[in-house]
Amino acid sequence: MPRGLGGGTPSPRPLHPRRLMRVLGLDVGERRIGIAKPDETGTLAVPYGVYHRKNLAEDVASLSALCQKLGIEALVVGLPLNMDGTEGPQAKKVREFAEKLAEAVKVPVFYVDERWTTEEVERAMREAGEKPSREKEKVDALSAVLILQVWLESRRSGYH
């Protein structure tokens, strides 16, 4: 399971582990962005949907509008690290996008190591008799769920 990376941009207000927060989990890809949010209890991540990317400006504007509509207080973004834990070109692109979105919405962004999320989701789908190659949007949304779930659990444990 992916591990939390902690860090992120400074928060304008303290993050209290016991207070429910309106956060959005994002699995940022080249073509699509999987989106997840916590359930009503704040303990389980659930799929919210998939955004089809257009260009950086439109992507930031569209997701910023969604964040405003939902009253989002923080972003949790999967960071695709290299196997040795370093950031490659794709991680840098994801970080650039996340920072622009966080700046537009004026919320902190937290990163979660997402090296194995897609593989975990695809394996679970195959075990359930589904074909991940035919349901790419579902893979993206469920990857966002895994990313957000890791962060929610680490927050409850006191790591965020």
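The numbers here are math on the coordinates, done by the rules we state, and not lab data. Bear in mind that the values here come from a model prediction, so they are computed numbers and not experimental data. With ideal geometry, Cβ positions are generated from the backbone for all residues, glycine too; neighbour counts draw on all protein chains shown.
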Residue list for segment 105-137, filter: assigned to a helix (DSSP H, G or I), charged (D, E, K, R) and in contact with a strand residue (DSSP E or B) (Cβ under 8 Å, 6 or more places away or on another chain): LYS136, GLU137
Candidate set from segment 87-121 (those that are within 14 Å of LEU24 (Cβ to Cβ), in contact with a Gly (Cβ under 9 Å, 6 or more places away or on another chain) and not small (Gly, Ala, Ser)); member that is surrounded by the most Cβ atoms within 10 Å (Cβ to Cβ): PHE110
Search result, residues across segment 126-158 that are farther than 12 Å from VAL112 by Cα and of a type in the set (Ser, Thr, Tyr): SER133, SER157
Residues within segment 113-149 that are under 10 Å from the mean Cα position of the chain (by Cα), among the hydrophobic types (A, V, I, L, M, F, W, C) and under 21 Å from MET83 (Cβ atoms), tallied: 2
Listing of strands (runs of 3 or more DSSP E) fully contained in segment 14-94 that carry 1 or more residues being out of contact with any Lys or Arg (no Cβ under 8 Å at 6 or more places or on another chain), in contact (Cβ under 8 Å) with a residue 24 or more places away in the chain and within 16 Å of VAL109 (Cβ to Cβ): 23-28, 32-38, 74-79
Matching residues in segment 106-135 - criterion: being under 16 Å from GLY78 (Cβ atoms) and of a type in the set (D, E, K, R): ASP113, GLU114, ARG115, GLU119, GLU120, GLU122
